[in-house]
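Undergrad: Take this structure, written in structure tokens, and hold onto it; I'll ask about it next.
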Amino acid sequence: MRKGLVAANWKMNGLRQSNATLIDVLKAGLKSSPNVEVLVCPPAVYLEQVGAELDGSLVMLGAQNLHPQQSGAFTGELSAEMLKDIGCSHVIIGHSERRQLFGEENSFIAEKFTAAQRSGLIPILCVGETQEQREAVETEAVVLDQLEAVLVHAGIEAFNNAVIAYEPVWAIGTGLTATPEQAQVVHALIRGKLAEANTAVAESTRILYGGSVKGSNAAELFAKPDIDGGLVGGASLVAEGFLSICNSYSE
Ligand code: PEP
């Protein structure tokens, strides 16, 4: 039985004051459940603040990005070692905004994936197709390609310490959500691909859904057999909304 994971991707949002309020309300409102873990990924500049606010709670701390090199002349970048040093347990890799806005390609994302694991971080590998790709019936090919790049680079065993997030790009921040059935088809495809290499790893790897998850649709999505939680953007910025997503697991 896979434990659920609900991860908040704050993206480039938040300030010290609003972060503190959001975390306070989260800590007070989260129902403890053996079925789900909760992770918050604030902007890098606030990792230390949010880490301190989360101290003593069960909520974990994650980063939104890293650079694959350990140190050196990479102005403005952060290494996996630094993120681990500051208290992160997870890091988001290959988010569609990084792929689209910053030109990150599969090979670079695969390097980030192994760099994260080398420093003891759990990568959350995001995959997903655009609207045009879905319309051109390329969803399967695109998602498998994105997954394959990391599988070839890191090997199947690496997925023992990784999370995958299926995030259809057309559903991110748009208010459009994949139906639970649409999402389940792709989640099963991803798990099937892992199973071709190792069925035990495939069975234990958590695959999150991301794309306009909110309190009103979370329970239905999470009820699908291959959906093991959510990566939540917009709705994670409002404490009540994020709480109702997390708490939909304990109900
Ligand atoms: C995301 O950015 O990972 C995401 C899923 O965003 P939203 O929930 O706002 O669609």
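Values in this text are rule-based calculations from the coordinates and carry no lab data. The shown structure was predicted, so the numbers you read here are calculated from the model rather than taken from an experiment. Quick reminder, even Gly has a Cβ in these numbers, built from the backbone with ideal geometry, and neighbours come from all protein chains shown.
Undergrad: Which of H67, H187, H95 has the fewest other C-beta atoms within 10 Å, and how do the rest follow up to the most?
TA: In increasing order of surrounding Cβ atoms, one gets H67, H187, H95.
Undergrad: Here's a follow-up. How big is the antiparallel share of DSSP beta bridges in segment 61-225, given as a percent to the nearest 5?
TA: For segment 61-225, the DSSP antiparallel bridge percentage is about 0.
Undergrad: Strictly over 26 Å apart at the Cα level, which of K112/K214; K84/K214; K11/K214; K112/K224; K27/K112 would you flag in this model?
TA: Among K112/K214; K84/K214; K11/K214; K112/K224; K27/K112, the Cα-Cα distance tops 26 Å for K112/K214; K84/K214; K112/K224; K27/K112.
Undergrad: Residue separation times 0.36 nm, minus the C-alpha to C-alpha distance between L101 and D24: what's the value?
TA: Computed gain between L101 and D24 is 24.5 nm.
Undergrad: Answer rounded, prolate or oblate for the chain, using the Cα gyration tensor with square roots of eigenvalues a ≥ b ≥ c: rounded when a/c is under 1.5, else prolate when a/b is larger than b/c, else oblate.
TA: rounded
Undergrad: Which of the aspartates and glutamates could a cross-linker bridge to K3, judged by Cα under 12 Å and excluding same-chain residues fewer than eight apart?
TA: Filter leaves E37, E203, D226, D228.
Undergrad: Then there is this: Out of residues 5 or more away from G4 or on other chains, whose amide H comes under 5 Å of its own, with H placed 1.01 Å from N in the peptide plane?
TA: Here the answer is V36, E37, since their amide H atoms fall under 5 Å of that of G4.
Undergrad: Next question. At 0.36 nm per residue, minus the direct Cα-Cα distance, what do A73 and V45 gain on full extension? Give it in nm, one decimal, please.
TA: 8.1 nm
Undergrad: Sort the following peptides by mean Cβ neighbour count (other Cβ atoms within 10 Å, averaged over residues), highest first: 162-175, 7-20.
TA: Descending mean neighbour count gives 162-175, 7-20.
Undergrad: Just to be sure I understand: of the beta bridges DSSP finds with both ends in segment 1-147, what percent are antiparallel, rounded to 5?
TA: So the antiparallel bridges in segment 1-147 amount to around 0 percent.
Undergrad: Check which residues have an amide H placed less than 5 Å from E104's amide H, if you skip close sequence neighbours.
TA: For E104, the qualifying residues are R99.
Undergrad: Also: By how many nm would the segment from L15 to E148 grow when fully extended, if each residue of separation counts as 0.36 nm and the alpha-carbon distance is taken off?
TA: Using 0.36 nm per residue and subtracting the Cα-Cα distance, I get 44.1 nm.
Undergrad: Follow-up. Can you give me the relative contact order of the chain as a percent, contacts being Cα pairs under 8 Å and 6 or more apart?
TA: About 22 percent, as a whole number.
Undergrad: What percentages, rounded to whole numbers, describe P(r) for segment 159-251 computed over all alpha carbon pairs with 5 Å bin width beginning at zero?
TA: Taking every Cα pair in segment 159-251, the percentages come to 3, 15, 25, 24, 17, 11, 5, 1, 0.
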